[in-house]
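These notes concern the structure reproduced below.
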Amino acid sequence: MKTEFTLTNYLNDKSLHTVNLDPEKCKGCITCMRRCPTEAIRVRGGKASVDYDRCIGCGECVRLCPHQAKLPSHDSWDTLGDFKYKIVLPPPSLYGQFNNLDNIDVVLNGLIELGFDEVYEVGLAAEYISSVTKILLDRKEVKKPVISTACPAILELIMMKYHNLAENLLPVLAPVDVAAKMARERAIARGIPKEDIGVYFISPCPAKVFALKTGIGVNQPYVDRVLSVADAYMRLVPVMNNIKDTKPITKMCATGLRWGVSRGEANAIFHEKTIAADGVENCVKILEAVEDGSLDDIEFIELNACTAGCVGGVMNVENPFVARGRLYQLARKMSTGVNNVTDLGKSKEYFLWEESPVVKDVFKLDEDRFTAMSKLMEIESTVATLPLADCGLCGAPSCRAYAEDLVAGIIPKDTKCPRLLEEERK
């Protein structure tokens, strides 16, 4: 049965959340709460909970949970029966999962063996995006420093916490959206009925699941289902081992493959004044530096929430540094050319955002300005009474977050700071 995916469905349906919690495994250890970059997690009653309005899908809680209580959301492999004609979009990071892989076509042929009718490489679309980015930079049509929008977790973070950097965002579609858009159009041009086509992306992270389900930057989602790299890997390995005749499928060059690791996108635009950072904490520092105006001499900034880039996504199976090394080795065997957008006969507008993402006021204290100011003053006065140890004993990631929860009524007004109570008992 086909499901219509909307933002409302995504936020209300537990099965569609970026990350789901297994309450049986959760021990209330606050590890996830401490590392969440948007303070979206609280631990109360011995269990963690997520404020999905603040979640950017970075996967830090999944990566760090010592009890495997956080599970990233994605579609089941059983959904392959939802469509008559199935197109699969493999990301560059997928190839880094396989040991001793020396030919990408083996993976692509394996996907066909698993039941897909057609493959369209996301890395190929990434090369088109790189050429469009270079055009925008060369023509000075974007505000510098330009911040890449390829990582949806970083895009969500900017839309939530760094509103004044919205003008610096690169207004291009994500490579996966371009791949889905072009693959669908190509199938329809061959006479395949539109309603029969299903486009499947194999995702390395929950942030891409969220972005594709809700359609960030597009009028409506181009991808129908999002599978996980881990699921694909487990099915591909036995199939790949039995492939006798490997048909040539790949059209991607080394440039597109390197998009799977940090700095791959920055290097692809052939501009000298670029910065690439990976790991959400490092990305936050770069964003703060852009806000401060200390990076005005930089032209392009590539940010990846996951360590080492998309190979570090929590829906992969391999160590990100091992996967990165494998991609570098594969890239040396591939064409050093670039698939340029000018070869397609399409204008650059084809690759630009269809609608701009909207900033999110998830940290707004109240819709009414005067009420918000009153709450802010109450928060400040409450914080002044706290030990500022950010110990997490109260179930909030910081003393300020605890004060915000008190003022917002998320916890009872008469709740006392556990650390202060402990000191009173001594």
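Here are some notes:
- With a simple spin-label model that places each label point 7 Å from the Cα along the Cα-to-Cβ direction, the separation between Leu71 and Ala389 comes to 3.6 nm.
- Point-to-point label distance, Ala372-Arg139, nm (Cα→Cβ direction, 7 Å offset): 3.7
- Formal net charge of residues neighbouring Asp390 (Cβ-Cβ distance under 15 Å; K, R +1; D, E -1): +2
- Calculated SAXS-style log₁₀ I(q)/I(0) at q = 0.10, 0.11 Å⁻¹ - the chain, Debye, Cα scatterers: -0.72, -0.86
- Calculated over segment 19-72, the projected area of the Cα convex hull averaged across directions stands at 3.0 nm².
- Just checking the listed ones, Phe363, Phe98, Phe300: in the Gaussian network model of the chain with Cα springs under 10 Å, the one fluctuating most is Phe363.
- Normalised radius of gyration (Cα atoms, divided by 2.2 N^0.38 Å) for segment 10-161: 1.32.
- Debye log10 I(q)/I(0) for segment 114-191, one point scatterer per Cα, at q = 0.16, 0.22, 0.23 Å⁻¹: -0.70, -1.01, -1.06
- Considering only Glu185, Glu60, Glu302, the Gaussian network model of the chain with Cα springs below 10 Å gives its largest mean-square fluctuation to Glu185.
- Cβ-derived FRET efficiency at R0 56 Å, Lys426 paired with Ser335, nearest 0.05: 0.20
- Normalised Debye scattering of segment 157-208 at q = 0.13, 0.14, 0.17 Å⁻¹ gives log10 I(q)/I(0) of -0.51, -0.57, -0.72, counting only Cα atoms as equal scatterers and leaving out solvent.
- Share, in percent, of DSSP beta bridges within the chain that are antiparallel, nearest 5: 30
- Stokes-Einstein D in µm²/s, Kirkwood radius over Cα pairs - segment 321-381 at 25 °C with 0.890 mPa s viscosity: 138
- Bins of 5 Å, starting at 0 and running to the largest distance - Cα pair percent for segment 264-400: 2, 7, 8, 11, 14, 16, 14, 10, 7, 5, 4, 3, 1
- Filter on Lys213/Lys244; Lys208/Lys375; Lys208/Lys273 - keep pairs with C-alpha separation over 31 Å: Lys213/Lys244; Lys208/Lys375
- Max-minus-min Cα coordinates of segment 131-250 on each principal axis give 53, 32, 28 Å, with the largest extent listed first.
- Euclidean distance of C-alpha centroids, segment 174-193 and segment 233-283, integer Å: 21
- Pairs of alpha carbons in segment 274-314 whose separation is greater than 12 Å (percent): 56
- Counting only DSSP H runs of at least 4 residues, each contributing -39500 (n - 2.57), and dividing by the residue count of the chain, the helix-based mean residue ellipticity at 222 nm comes to -10500 deg cm²/dmol.
- Of all aspartates and glutamates in the structure, the ones whose alpha carbon falls short of 16 Å from that of Lys143, not counting any fewer than 8 places away in one chain, are Glu167, Glu291, Asp292, Asp296, Asp297, Glu299, Glu302.
- Extension gain for Lys27-Lys364 works out to 118.2 nm (0.36 nm per residue, less the C-alpha to C-alpha distance).
- For the chain, modelled as a GNM whose springs connect Cα atoms under 10 angstrom apart, the maximal fluctuation among Pro23, Pro72, Pro357 occurs at Pro23.
- Once the C-beta distance of His163 and Phe270 is scaled by a Förster radius of 30 Å, the resulting FRET efficiency is 0.45 to the nearest 0.05.
- Qualifying trypsin sites (Lys or Arg not before Pro) in segment 188-289, where qualification requires a DSSP coil assignment and no more than 15 other C-beta atoms within 10 Å, comprise Arg190, Lys244, Lys251, Lys273.
Any read-out appearing in this document is the output of simple, stated calculations on the displayed coordinates, not a laboratory observation. None of the values given here were measured: they were computed from a predicted structure. Cβ coordinates were reconstructed from backbone atoms using ideal geometry, including for glycine residues, and neighbour counts include every protein chain displayed.
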